[in-house]
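The values are calculated or read from the model by the stated rules, or taken from the named source; none is laboratory data. Just so it is clear, the model here is predicted, and its values are computed rather than measured. FYI the Cβ positions are ideal-geometry reconstructions off the backbone, even for glycines, and counts take in every protein chain you see.
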Amino acid sequence: MADRLYTSSEADDVLSALRFETKLEKAVLAKIAFALSLKIDGKDVPISLKFTGGEMKRPTFIGDDELFFRTLIAYVYEQPDIPEEDFYSNKSIIKNHIDNGCRYLSQFFIECGRDGNKLLSRLTDHVEFSGRKEMKGKGLDIFIGKTLLQNTDVFLELNNTRIHANSHMAIMGKPGVGKTQFLLKILTDLRVQSNFQTNFIYFDYKGDVVDNEKFLKAARVQSFQLLQGGVSLPINPFVLPGYDEQNINVSAREKAESFASINAKLGVVQKGALTEAIRAAYARRQDSEMPYPDFQDILEIALAMYEEDGKKDDSLIEVLRDLADFDLFWKHGSETPPIDRLTNRTLLIDVHAMPVLKELVAYLVIERIYKEMAALPDSPVEDGRRTIRTILVIDEAHNYLGQKNMFLQRIIREGRSKGIVVFFASQSPNDYQQKFFNFQELLEFTYIFQCEGVSAKSVQDLLGCSNKTAKDLQAEIARLEPWQVVARSSIKTEEFSKFTAEAFYKNY
């Protein structure tokens, strides 16, 4: 793996001159040159055979953004796997685009009267990749179907704050009635209408979405199939906003509670042991460049603690060993650093091949999303439209709703002001009747496909209709045809509406 490349002498001259004029570092200017060339010439960039310019070290140019650079190049070049030599070396794509982009920078600089400020202003207008600049208050009105009787269009006004208290959604129905295709259509429309600025993180519980190449391409989704071909998530659950003693202690206790809420076998003793192991693992890494542990660190420390106390392996060691051995998350020694931020990415996490730990993986990722969300400024609202930043999509949600996931609950309660939204897909309205948390009252959008055994109480709570109407709908919901949906009505005088849902495959 090359740790440096050398620009052409012409490119180095441009970078040196512009550094003086703009007060930007050469590495920053080189990234601008790379982006400019990638946008203008793409795959048709001329090959650079000159290596007599300045040295550009890999950590200086790439930093913590290797995954972003690889994804960007893979998208432009339509090549999912970029060989190392093609990625960063004297014969690489990045080298070619830096040298080529410097020619454009020189040209723009001359056209701007050799004024550094005017050059930067022009670049701001010229180099703008889709999805990088947050658009405030863009309307996200999605066509989702036609009413059964009147055949009028039905729209989902997801971010209209004038008529909706939040943007959380639940789609319910038994398998085969169209709910997944309906969900994929909504997600893809949101991506397209937001200029790919509204992101989502999708937990695929059955593995039936990850193989839908049309969806992945249309919505620009990066997929991770866990326990398949050695794929792991480039996410470290132990990354914190700060590594002072208080942050570490709180995080350690929260992790222990997370594990215990998923695995009933973990009692007070195991929670205490896990908390201590996590604290010790942070202490081990405190002076390193990456001051956060991985699951291998936690396992090694827990094993040493058990051996010192003469204890046999138990359920805690079993869970930690699975997390370390299965390589589900990023670990030290990986070629690329972990993702520094989740809420600006669109990912599909396929967990269907995992025999265990599905819910724990989801829990840890959801915790990470919440921690990021808490640090975000409020999402902008313009003309009554709130910017939706990220959607957490939980498929087969009945497998998760019974878990006391405090971070999921916090996202549902607090996410509105931050532009963080939750979409659930499950098999029945009954799934949302949980004693420890009232999911139903916080779901603004509910779409019920054909279900059986639905309780009148859950229908009443989800649709906001009368008890009599809910009882009448029990039998009607069981008789719905595929693609037919019962939902809240946008008309105040009507207690519910019925429409035929749109499908992804018919639109893309």
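In the stretch 179-198, which residues are of a type outside the set (A, V, I, L, M) and touching a strand residue (DSSP E or B) at 6+ places or on another chain (Cβ under 6 Å)? Before you say what the answer is, go through the steps one by one.
So the first thing to find is which residues in the stretch 179-198 are of a type outside the set (A, V, I, L, M), and the list is 179-182, 185, 188-189, 191, 193-198.
Correct list: Lys179, Phe182, Asp189.
Which members of the stretch 30-64 meet the condition of being within 27 Å of the chain's Cα centre (by Cα), not in a loop (DSSP other than H, G, I, E, B) and not polar (S, T, N, Q)?
Residues of the stretch 30-64 that are within 27 Å of the chain's Cα centre (by Cα), as a first pass: 31-32, 34-36, 38-39, 42, 58-64.
Retained after the next criterion (residues that are not in a loop (DSSP other than H, G, I, E, B)): 31-32, 34-36, 38-39, 42, 58-62.
Across the stretch 30-64, the qualifying residues are Lys31, Ile32, Phe34, Ala35, Leu36, Leu38, Lys39, Gly42, Arg58, Pro59, Phe61, Ile62.
If only one of Lys174, Lys179, Lys217 is outside the structural domain of Ala74 (by TED's automatic domain parsing), more than 18 Å from the chain's Cα centre (by Cα) and surrounded by fewer than 22 Cβ atoms within 10 Å (Cβ to Cβ), which one is it?
Details: Lys179 fails: surrounded by fewer than 22 Cβ atoms within 10 Å (Cβ to Cβ); Lys217 fails: more than 18 Å from the chain's Cα centre (by Cα).
Exactly one residue qualifies, and that residue is Lys174.
Quick test of your reading of the structure: Pro377 fulfils all but one of (1) surrounded by 20 or more Cβ atoms within 10 Å (Cβ to Cβ); (2) in a loop (DSSP other than H, G, I, E, B); (3) of a type outside the set (D, E, K, R). Name the failing condition by number.
Result: Pro377 fails condition (1) only.
Might you let me know whether the stretch 469-482 holds any residue that is in the same structural domain as Gly176 (by TED's automatic domain parsing) and under 22 Å from Ser167 (Cβ atoms)?
So the first thing to find is which residues in the stretch 469-482 are in the same structural domain as Gly176 (by TED's automatic domain parsing), and the list is 469-482.
Next, from what is left, pick out any that are under 22 Å from Ser167 (Cβ atoms): none.
For the stretch 469-482, residues in the same structural domain as Gly176 (by TED's automatic domain parsing) and under 22 Å from Ser167 (Cβ atoms): absent.
Out of all the residues in the stretch 324-347, which are touching a helix residue (DSSP H, G or I) at 6+ places or on another chain (Cβ under 7 Å) and part of a strand (DSSP E or B)?
Passing the criteria: only Phe329.
Which numbered condition trips up Thr275, out of (1) in a helix (DSSP H, G or I); (2) touching a strand residue (DSSP E or B) at 6+ places or on another chain (Cβ under 7 Å)?
(2) is the only condition that Thr275 fails.
Out of Ser251, Ser258, I need the residue that is closer than 24 Å to Gln403 by Cα, within 27 Å of the chain's Cα centre (by Cα) and at pLDDT 90 or above. Which one? Reasoning before the result, please.
Details: Ser258 fails: at pLDDT 90 or above.
Among Ser251, Ser258, only Ser251 is closer than 24 Å to Gln403 by Cα, within 27 Å of the chain's Cα centre (by Cα) and at pLDDT 90 or above.
For a quick check of your reading of the model, give me the residue pairs whose first member lies in the stretch 450-466 and is in the same structural domain as His168 (by TED's automatic domain parsing) and of a type in the set (Ser, Thr, Tyr), whose second is surrounded by fewer than 20 Cβ atoms within 10 Å (Cβ to Cβ) and in a loop (DSSP other than H, G, I, E, B), with beta-carbon atoms closer than 7 Å and at least 6 apart or on different chains.
Every condition considered, the pairs that remain are Ser466/Glu495.
Before we move on, is Glu276 touching a residue at least 60 places away in the same chain (Cβ under 8 Å) and either touching a Ser or Thr at 6+ places or on another chain (Cβ under 6 Å) or at negative phi (or both)? Can you show your working first?
Working: touching a residue at least 60 places away in the same chain (Cβ under 8 Å): no; either touching a Ser or Thr at 6+ places or on another chain (Cβ under 6 Å) or at negative phi (or both): yes.
No; evaluated as a whole, the condition is false for this residue.
Cβ-Cβ under 6 Å, sequence separation 6+ or interchain: first residue in the stretch 4-18 and within 14 Å of Gly101 (Cα to Cα), partner surrounded by 16 or more Cβ atoms within 10 Å (Cβ to Cβ) and acidic (Asp, Glu). Which pairs?
What qualifies is Thr7/Asp99; Ser8/Asp99; Ala11/Asp99.
Ala353 versus (1) without any contact (Cβ under 8 Å) to a residue 12 or more places away in the chain; (2) surrounded by fewer than 16 Cβ atoms within 10 Å (Cβ to Cβ); (3) not basic (Lys, Arg): which is the lone unmet condition?
It is condition (1) that Ala353 fails.
Only helices (runs of 4 or more DSSP H) wholly contained in the stretch 400-508 count here; list those with 2 or more residues that are crowded, with 17+ Cβ neighbours inside 10 Å and within 26 Å of the chain's Cα centre (by Cα).
Numbers: elements: 406-418, 456-463, 467-478, 504-507.
Of the helices (runs of 4 or more DSSP H) lying wholly inside the stretch 400-508, those with at least 2 residues that are crowded, with 17+ Cβ neighbours inside 10 Å and within 26 Å of the chain's Cα centre (by Cα) span 406-418.
Among residues belonging to the stretch 342-372 that are among the polar types (S, T, N, Q) and over 12 Å from Ile411 (Cβ atoms), point out the one that is modelled with the highest pLDDT.
Thr346
Looking only at the stretch 396-427, which residues are at pLDDT 90 or above, farther than 12 Å from Asn166 by Cα and among the charged types (D, E, K, R)?
Arg410 - this is the single residue of the stretch 396-427 that is at pLDDT 90 or above, farther than 12 Å from Asn166 by Cα and among the charged types (D, E, K, R).
Hey, among the residues in the stretch 86-132 that are of a type in the set (Asp, Glu) and modelled with pLDDT of 90 or more, which one's surrounded by the most Cβ atoms within 10 Å (Cβ to Cβ)?
Just the residues of the stretch 86-132 that are of a type in the set (Asp, Glu), to begin with: 86, 99, 111, 115, 125, 128.
This time we only want the ones that are modelled with pLDDT of 90 or more, so: 86, 99.
Numbers: Asp86: 17, Asp99: 29.
Applying the filter and picking the extreme gives Asp99.
Does the stretch 288-323 hold any residues that are more than 21 Å from Ile235 (Cα to Cα) and in a loop (DSSP other than H, G, I, E, B), and which are they?
Correct list: Gly310, Lys311, Lys312, Asp313, Asp314.
May I ask you to say which residue of Thr71, Thr52 is more than 29 Å from Lys217 (Cβ to Cβ) and hydroxyl-bearing (Ser, Thr, Tyr)? So that I can check it myself, show each step before the final result.
On the way: Thr71 fails: more than 29 Å from Lys217 (Cβ to Cβ).
Just one listed residue meets the conditions, Thr52.
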